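Below: the structure, in C-alpha cells.
Every read-out reported here was derived from the displayed coordinates using simple, explicitly stated rules and does not represent laboratory data. Fair warning: this is a prediction, and the values are worked out from it, not measured in the lab. Neighbour counts are summed over all protein chains in view; Cβ atoms, including those assigned to glycine, are modelled from backbone coordinates with ideal geometry.
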Amino acid sequence: MFTMLVGTCPFEANSIEATYRKIKTNSYLFPRIIPIADDVQKLIKKIFKLKPTLRPNLIEIEKDEFFNSASSKTKIFKSESFIFNKKNIPDLENKANHNNKENNVISYQNEE
C-alpha cells in the first residue's frame with residue numbers, strides 16, 4: 001500500500017545495512033509532497049507496527065475505517081487535484097537522506 005502510493009519502498013536506503021537498520025527501528029517517511037489522506041496514513045501506521053503481535057490481521061484491516069468510510073468515495077489523497085507524476089515528485093530518496101532539512105518529508109518512527 002505504501003509503495004503504491006508513494007512510489008518507493010518504505011524502508012529503502014542507500015545500503016543494505018541502512019535498510020535493515022530502518023526496518024529494525026521501524027523508521028519510514030511520508031513525503032509531504034504527496035498529500036496522503038489521514039485515514040490512509042493511520043492504516044499504514046497500524047500495519048507497520050514494530051511488534052508483529054500489535055499489527056492488525058487481514059480481517060481487522062478489512063474492517064478499518066479507511067475501507068468502511070460512511071462516504072461512498074474514500075479519499076486516498078488529501079487533495080483531489082493531486083496528480084502523481086515524475087514532474088511534481090522530487091527525488092525523495094535524496095531528500096530523505098539529507099535528514100529532512102528541507103522539511104518536505106514527514107518522518108515517522110513507531111516505538112511499538
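Things worth noting here:
- Under 5 Å between amide hydrogens, built in the peptide plane, is the criterion, and for I36 it picks out K78 among residues at least 5 positions away or on other chains.
- Computed lengthening from T25 to K46, 0.36 nm per intervening residue step minus Cα-Cα distance: 6.1 nm
- Ranking of T53, T8 by neighbouring Cβ atoms within 10 Å, starting from the fewest: T53, T8.
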